[in-house]
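Here the structure is laid out as structure tokens; the discussion comes afterwards.
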Amino acid sequence: MGVYSDTDEYPSPISPSRLFKALVVDAHNLIPKLLPNSVKSIEIIQGDGGAGSIKQFNFVEGSNQVKNIKNRIDEIDEETLTYNYTLIEGEALKDKFASIAHEIKFEAAPDGGSISKVTSKYYLKGDVEINEEDIKASKEIVLGIYKVVEAYLLQNPDVYA
């Protein structure tokens, strides 16, 4: 099994703690509210929301090619604003990936706002060749959610403050 690694940084005018609260701590409430045509629900189906818990994202039928995905929370630290999770089940893995692990760190930017640093590791099934288009499409979906949440926080400066 091969591993493909990728690192990205996303700058934002929003503080790291507000982004963390919106995108991680309260995502199960906020994201379906902001994206009702795409995300039907986000449920904790195992555990208490801490490390080891399983979160299931249920998507609106017809909104994309994925019906649902399951993420295992590997680490969630509200002090260091770190969130690590692994996509363990769902159509997004296709026949290519055994799992996809993401490590996210929300840090203060030198000029205000924040930088979200994301390291992703794609664990490939067998001798499968990686397709950059698969990676790009996945990133675009995540970035789209990020931008919607960011816009909401800009319009509502007291939310998660």
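Each value in this text was obtained by applying a stated rule to the coordinates, not by laboratory testing. Quick caveat: nothing in here was measured; it's all calculated off a predicted structure. Methodologically, a virtual Cβ is constructed for each residue, glycine included, from the backbone with ideal geometry; neighbour enumeration extends over all protein chains shown.
For Phe97, the amide hydrogen comes within under 5 Å of the amide hydrogens of Lys125, counting only partners 5 or more places away or on other chains and with H modelled in the peptide plane. For the chain, the longest principal axis of the C-alpha atoms and the axis of helix 132-155 are separated by about 20°.
The length gained by stretching the chain between Asp158 and Lys67 to full extension, at 0.36 nm per residue less their Cα-Cα distance, is 29.4 nm. How would the chain be classified by its alpha-carbon gyration tensor: rounded, prolate or oblate, with rounded meaning a/c under 1.5 and the a/b versus b/c comparison settling the rest? Prolate, since a/c reaches 1.5 and a/b exceeds b/c. Computed about its Cα centre, the charge dipole of region 3-155 is approximately 420 debye, with only Lys, Arg, Asp and Glu carrying charge at their Cβ.
In percent, rounded to a whole number, the relative contact order of region 1-110 is 18, using alpha-carbon pairs under 8 Å and six or more apart.
Taking a point 7 Å out from the Cα of Val142 in the direction of its Cβ, the residues of region 5-44 whose backbone N falls within less than 12 Å of it are 5-10. Given R0 = 30 Å, the distance between the Cβ atoms of Val60 and Asn131 translates into a calculated FRET efficiency of 0.70. Among Ile141, Ile104, Ile42, determine the one that fluctuates most according to a GNM of the chain built with springs between C-alpha atoms less than 10 Å apart. Answer for the Gaussian network model of the chain: Ile141. Calculated mean residue ellipticity, 222 nm, the chain: -7000 deg cm²/dmol, from DSSP H runs (n ≥ 4) at -39500 (n - 2.57) each, averaged per residue and rounded to 500. Toward the positive end of the charge dipole of region 1-113, with +1 on the Cβ of Lys and Arg and -1 on the Cβ of Asp and Glu, the farthest Cα among Ser15, Ile44, Thr82 is that of Ile44.
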